[in-house]
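Everything on this sheet refers to the single structure shown next.
The values are calculated or read from the model by the stated rules, or taken from the named source; none is laboratory data. Everything numeric in this text was worked out from a predicted model, so none of it was measured. Cβ placement follows ideal geometry from the backbone for every residue including glycine, while neighbour counts extend to all protein chains displayed.
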Amino acid sequence: MDYRERRKEQARQTEAAILQAALELARANSFDKVSVRDICQRAGITTGAFYHHFRSKEDLLSRGFAPLDRRMEEALSGHEGDPPPERLWRILSTYAAFIQDQGWELVARYYQRRLDAPDDASSMDPTRYTLRSMVDCLRQAEEEGLLLPGWSVEWTADFFFRHFRGVVIDWVLHRGSYPLLPKLEQDYALFREIFQTR
């Protein structure tokens, strides 16, 4: 690995450490009560390093879901050959577990931040691993003749994300008072009907 690659990897690790520290502190104390200094101390970095990666504490929220893609990649590794309905459930259940791990308050702040910056469409960026994985899964289902005709792969993937984002918002409105995964599992039992069984 050359110098430039090492620096890039080091920057990625520092950013991940900052996000992880902020998440842990926010879970314990609420996001409003966590200071940049607290985050830096927990991550073992200087405040200068923090501001090299993030403009502010609020800026963390814009990129707070970036670790989802890494977690999704780990969850799907070795399952590329699974049937599409099983792989789709793995995608959705990993998404639900990730969201629940963030805690309802932090997720609420994330969505508030998105509402305050409506031009930020990063969560549905088509290059993101999570969205690409779902599209690939549904495309395979279509190629195998498993997807019901009349709905495009892209529309179906978008529908899933819109629906499950709604479930997450309902969970936030209920202040995380019920476990998210069983709720999504119930919904998925219905959504499996998009696959034609032979």
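Out of all the residues in region 68-82, which are of a type in the set (A, V, I, L, M, F, W, C) and more than 9 Å from the chain's Cα centre (by Cα)? Walk me through it before giving the result.
Within region 68-82, the subset of a type in the set (A, V, I, L, M, F, W, C) is 68, 72, 75-76.
Scanning region 68-82 gives ALA75, LEU76.
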Test: residue in region 107-121 that is part of a loop (DSSP other than H, G, I, E, B) and within 16 Å of the chain's Cα centre (by Cα): yes
Selection count, region 144-183, where residues are closer than 17 Å to PRO84 by Cα and not acidic (Asp, Glu): 14
Set VAL168, VAL153: member being aliphatic (A, V, I, L, M), over 26 Å from GLN112 (Cα atoms) and either at pLDDT 90 or above or not assigned by TED's automatic domain parsing to the domain that holds GLU86 (or both): VAL153
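Here's a check for you: in region 171-195, which residue that is aromatic (Phe, Trp, Tyr) and closer than 23 Å to TYR111 by Cα is modelled with the lowest pLDDT?
The first filter runs over region 171-195 and keeps only residues aromatic (Phe, Trp, Tyr), leaving 171, 178, 188, 191, 195.
Remaining after also requiring closer than 23 Å to TYR111 by Cα: 171, 178.
Details: TRP171: 95, TYR178: 92.
Restricting to residues being aromatic (Phe, Trp, Tyr) and closer than 23 Å to TYR111 by Cα, the top hit is TYR178.
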Conditions (1) touching a helix residue (DSSP H, G or I) at 6+ places or on another chain (Cβ under 9 Å); (2) outside the structural domain of GLY145 (by TED's automatic domain parsing); (3) aliphatic (A, V, I, L, M); (4) part of a helix (DSSP H, G or I): number failed by ALA28: (1)
ARG87 being buried (at least 17 other Cβ atoms within 10 Å of the Cβ) and charged (D, E, K, R): yes
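So that you can scan it fast, the table gives a plain yes or no per residue for (1) in contact with a Phe, Trp or Tyr (Cβ under 7 Å, 6 or more places away or on another chain); (2) over 27 Å from ALA141 (Cα atoms); (3) among the charged types (D, E, K, R); (4) assigned by TED's automatic domain parsing to the domain that holds GLU185:
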site: GLU15; (1), (2), (3), (4): no, yes, yes, no
site: VAL36; (1), (2), (3), (4): yes, yes, no, no
site: CYS40; (1), (2), (3), (4): yes, yes, no, no
site: ALA43; (1), (2), (3), (4): no, yes, no, no
Contacts under 8 angstrom Cβ, first residue in region 45-59 being closer than 14 Å to ALA17 by Cβ, partner hydroxyl-bearing (Ser, Thr, Tyr), 6 or more apart: ILE45/THR14; ALA49/THR14; HIS53/THR14
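So for region 62-75 (the condition being loosely packed, with under 12 Cβ neighbours inside 10 Å and assigned by TED's automatic domain parsing to the domain that holds GLY145), does at least one residue qualify? Give the derivation first.
First, the residues of region 62-75 that are loosely packed, with under 12 Cβ neighbours inside 10 Å: 74.
If we keep only those that are assigned by TED's automatic domain parsing to the domain that holds GLY145 as well, we get 74.
Yes, region 62-75 contains a residue that is loosely packed, with under 12 Cβ neighbours inside 10 Å and assigned by TED's automatic domain parsing to the domain that holds GLY145.
Can you name the residue in region 107-147 that is basic (Lys, Arg) and more than 24 Å from GLY176 (Cα to Cα) and is also modelled with the lowest pLDDT among such residues?
Pass one, region 107-147, residues basic (Lys, Arg): 109, 113-114, 128, 132, 139.
After this cut, where a residue has to be more than 24 Å from GLY176 (Cα to Cα) as well, the list is 128, 132, 139.
Details: ARG128: 81, ARG132: 91, ARG139: 93.
This residue is ARG128.
If you go through region 141-198, how many residues are aromatic (Phe, Trp, Tyr), under 19 Å from THR130 (Cα atoms) and without any contact (Cβ under 8 Å) to a residue 24 or more places away in the chain? Give the derivation first.
Step one: filter region 141-198 for residues aromatic (Phe, Trp, Tyr), giving 151, 155, 159-161, 164, 171, 178, 188, 191, 195.
Remaining after also requiring under 19 Å from THR130 (Cα atoms): 155, 159-161, 164, 188, 191.
Then drop every residue that is not without any contact (Cβ under 8 Å) to a residue 24 or more places away in the chain, which leaves 155, 159.
So the count comes out to 2.
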